[in-house]
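Trainee: Sharing a structure with you now.
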Amino acid sequence: MRLDHVNIVTNNLQKMVAFYTKALGFKTGWRPNFNVDGAWLYQDGKPLIHLVEQSNQGHKGTGRIEHFAFSGADKKIILQNLSEINIPYNFMDIPGTDASSLNVHDPDGNHIEIIFGVLPN
């Protein structure tokens, strides 16, 4: 089993698309013709983030995800992108590994972690 995608409901569709494409290097791509606006954001040919525009979010689910994470990104490019568009982030080494973790929030406040390096199995 593997993670297929993360679905994010937003009332800031254009800001969210701009963040994920400019800061994190996602590409917009094909999306089914749903009856609601949105965008699918791709990495390596896979639509990992599905954005759904919805101005009234009050009736949507009650769950809470603290964060979602990606790995395998180019650290230098991500840091440069975040700096160029003045997005704050936290960076830390992961204890007991050669890996590090960048933590950032998208325009809707969703916490995203990007892991650089390899974690032990």
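Trainee: The conditions are (1) surrounded by fewer than 16 Cβ atoms within 10 Å (Cβ to Cβ); (2) aliphatic (A, V, I, L, M); (3) within 16 Å of the chain's Cα centre (by Cα), and residue 41 fails exactly one of them. Which is it?
Mentor: (1)
Trainee: If I ask for residues that are modelled with pLDDT under 80 and either of a type in the set (D, E, K, R) or surrounded by 10 or more Cβ atoms within 10 Å (Cβ to Cβ) (or both), which ones from region 51-71 would you list?
Mentor: 57, 60, 64
Trainee: Whether any residue in region 89-112 is under 16 Å from residue 22 (Cβ atoms), of a type in the set (S, T, N, Q) and open to solvent by 60 Å² or more (accessible area, probe 1.4 Å) is what I want to check.
Mentor: no
Trainee: Within region 1-38, restricting attention to residues that are among the hydroxyl-bearing types (Ser, Thr, Tyr) and more than 21 Å from residue 65 (Cα to Cα), which residue is most open to solvent (accessible area, probe 1.4 Å)? Before the answer, list the steps.
Mentor: Within region 1-38, the subset among the hydroxyl-bearing types (Ser, Thr, Tyr) is 10, 20-21, 28.
Keeping just the survivors that are more than 21 Å from residue 65 (Cα to Cα) gives 21, 28.
Values: 21: 41, 28: 87 Å².
Among those that are among the hydroxyl-bearing types (Ser, Thr, Tyr) and more than 21 Å from residue 65 (Cα to Cα), it is 28.
The values are calculated or read from the model by the stated rules, or taken from the named source; none is laboratory data. Please read all numbers here as calculations on a predicted model, not as lab measurements. For neighbour counting, all protein chains shown are included, and Cβ atoms are generated from backbone atoms with ideal geometry for every residue, glycine included. Just the protein is used for accessible areas: all its heavy atoms, side chains included, with ligands, DNA and RNA removed. Shrake-Rupley method; radii C 1.70, N 1.55, O 1.52, S 1.80 Å.
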